[in-house]
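The structure under discussion appears below in the form of structure tokens.
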Amino acid sequence: MTHLSRRAVLGALGTAALGTATGLTLGSPAAADTAALRLGIDYSSGRPRPGQVAAAGYSFVCRYLSYSASKNLTKSEADALRAAGLDIVVVWETTAQRALDGSAAGAADATEAHRQAVACGMPATRPIYFAVDFDASTSQQTAINAYFDGVASVLGRGRTGVYGGYGVTSRLFNAGKITWGWQTYAWSGGSWDARAQLRQTLNGITVDGASCDRDEAHAADFGQWGGGPQGTASIYGVLSDGRLTYTAVDAASGTRTHGAVVSGASIGFVPKAMATLNFNTILATTSGGSLYRIDVITNNTSLTFNAPVYLGGGWTHDLLAYDGNGHLFGIADGVLIRYTVNATKPAIANITGRLVIDSGFTLKTLTTTGPDWILGTVSDGRLMSYRISGAADWTSAALKSSTWQVFDSLMSPGGGVYFGHESDGSLWRYVDAGPYDLNGADLAGMGAVDGSGWSQVILSAQPATVS
């Protein structure tokens, strides 16, 4: 049996014919069973101007990654889309039936897709969709599952998505192979999988003279990035008496959405270094080198926690930061060390793989901006960004050459959003449009979250909550 891609079918039959075959009313978002939250377009060879896309009422675009440069998203295009306020979603596609080639193909494609996406400015924590652009049968699902296992072996299951019809999308969700779904109306028979965050509802529309497809977002987070930061920064802190604090800040506006909640009890010490692992787990060290885990019970209207769990000694780090993707970074006497954390509530046995990256990291503050990316300030005022690849294998650049010495804590919840805390109690917000370009030209100050009131002596933000 010969399988045709969706675009080949459309080219041969025309949109109306395919609409009749699938039983859909084309061109109308009403064909979906739930209301779309946002409208967008996807395109390959055409290049509508970003301003015209926004003027037409679309707020995001879905763009290609592949081995064919002619249809791929580029850094300059991504920058123009972002400047127009448009969000971006990326999809990888080589040939329509590439997913039948199994695990090794999936791993190879994911490696290249990630490289291209990050080069275009995508945060390294964002998902990538992989196209299954044909009417895949149930008998082909084993091979397709293996392909997505290969993708997940590189990106992680949490960043793995599919573009395809109802059958393949649903089967991949059911098998636990994907976290993200972009379902096309083609090969869907009028059915929509409610787990799919994106829907492609119409082919062959024209925007700014370019042939495009229409898409709908049915979830607030559908893998988008670029138009502006989205998400909430969850920030833990410790007061000078050892009491724990929690505050939430909207990353887009800089507005506190959850005012400072202060614990009634002290954790028993003031941390020398602190790293937030997840929403309710914090690692903290004492001045004597003891490492503790703090498990938060509630941080809503009150802040309570279990008694800190002693994990071990010898943790003489001046700074700690967790990248949200399994790596904990620490600096002791200028030596940068990377650990692997393999549990959400780690015991000391779950913090392994101690790797000395290098010496000479004389940073005053430390945070992470994405997997294996760290950011810190130097006492001479420089803001430094580092990409960490391995022992003695790293790249750095000064994003700013002066003035950043005023901050005693630096935090990033992801998405290119940075918070700097001054000793006078003020907290300042910055947005870096390209957090992985080692270039500070696109780093902008967004003003104060608060001019005073942040009296914590140490602060740490949960990583990867903003995109």
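Throughout, read-outs are computed from the coordinates displayed, never taken from laboratory work. Everything numeric in this text was worked out from a predicted model, so none of it was measured. Using ideal geometry, Cβ is built from the backbone for each residue, glycine included, and neighbour counts are taken over all protein chains shown.
The phi-based Karplus calculation (6.51 cos²θ - 1.76 cosθ + 1.60; θ = phi - 60°) puts the 3J(HN,Hα) values of region 437-443 at 9, 6, 9, x, 5, 9, 9 Hz, whole numbers, x for Gly and Pro.
Karplus-derived 3J(HN,Hα) values for region 231-243, using 6.51 cos²θ - 1.76 cosθ + 1.60 with θ = phi - 60°, are x, 10, 8, 9, 10, 9, x, 10, 7, 5, 9, x, 6 Hz; glycine and proline are entered as x.
Looking at region 232-461, the DSSP beta bridges with both ends there are about 100 percent antiparallel. Counting 0.36 nm for each residue step from THR111 to ASN174 and taking away their Cα separation leaves a gain of 20.2 nm. Scaled against the 2.2 N^0.38 Å expected of a compact globular protein of N residues, the Cα radius of gyration of the chain reads 1.04. This ranking places MET384, MET446, MET411 by how few other beta-carbon atoms lie within 10 Å of each, fewest first, which gives MET446, MET384, MET411. When the helices of the chain are scored as -39500 (n - 2.57) per DSSP H run of n ≥ 4 and the total is divided over every residue, the value at 222 nm lands at -4500 deg cm²/dmol.
Run the paramagnetic zone check for ALA398: 7 angstrom along Cα to Cβ, then residues of region 415-455 with backbone nitrogen under 13 Å. Backbone N within reach: 440. Charge tally for GLY209 (other residues, Cβ to Cβ under 11 Å; Lys, Arg +1; Asp, Glu -1): +1.
Quick one: in region 232-461, what % of C-alpha pairs are over 31 Å apart?
15
Using all alpha carbons of region 83-159, what is the percent of pairwise distances in each 10 Å bin, ordered from the shortest bin to the longest? For region 83-159, the pair-distance distribution reads 19, 50, 24, 7, 1. Relative intensity of region 6-217 on a log10 scale, I(q)/I(0) at q = 0.10, 0.12, 0.16, 0.19 Å⁻¹, equals -0.39, -0.57, -1.07, -1.52, per a Debye sum over C-alpha point scatterers of equal strength in the absence of solvent. If a paramagnetic tag sat 7 Å from the Cα of ALA391 along the Cα-Cβ line, which residues of region 332-363 would have the backbone N under 14 Å from that point? Taking a point 7 Å out along Cα→Cβ of ALA391, the residues of region 332-363 whose backbone N falls under 14 Å are 336-339, 353-359. Ignoring lysines fewer than eight residues from LYS400 along the same chain, the ones with Cα atoms less than 16 angstrom from its Cα are LYS364. For ASP450, nonlocal amide neighbours, meaning residues 5 or more places apart or on other chains whose placed amide H falls under 5 Å from its own, are LEU427.
As a proxy for reagent exposure, ranking ILE458, ILE178 by other Cβ atoms within 10 Å from fewest up yields ILE458, ILE178. Each of LEU438 and THR74 was given a label point 7 Å from its Cα along the Cα-to-Cβ line. The distance between the two points is 2.2 nm. Return, ordered by residue number, the residues of region 308-336 whose backbone nitrogen is under 15 Å from a label point located 7 Å along Cα→Cβ of ILE348. Of the residues in region 308-336, 309-317 have backbone N under 15 Å from the label point off ILE348.
Exposure proxy for ILE348, ILE294, ILE267: other Cβ atoms within 10 Å of each Cβ, ordered fewest to most, give ILE348, ILE267, ILE294.
Put simply, the amide H of ALA464, placed in the peptide plane, has neighbours under 5 Å in GLY414, leaving out anything fewer than 5 places away on its chain. In order along region 213-230, phi translates into HN-Hα couplings of 10, 9, 10, 10, 9, 10, 8, 5, 10, 10, x, 7, 7, x, x, x, x, 9 Hz, rounded to whole numbers, per the Karplus curve 6.51 cos²θ - 1.76 cosθ + 1.60 with θ = phi - 60° and x for Gly and Pro.
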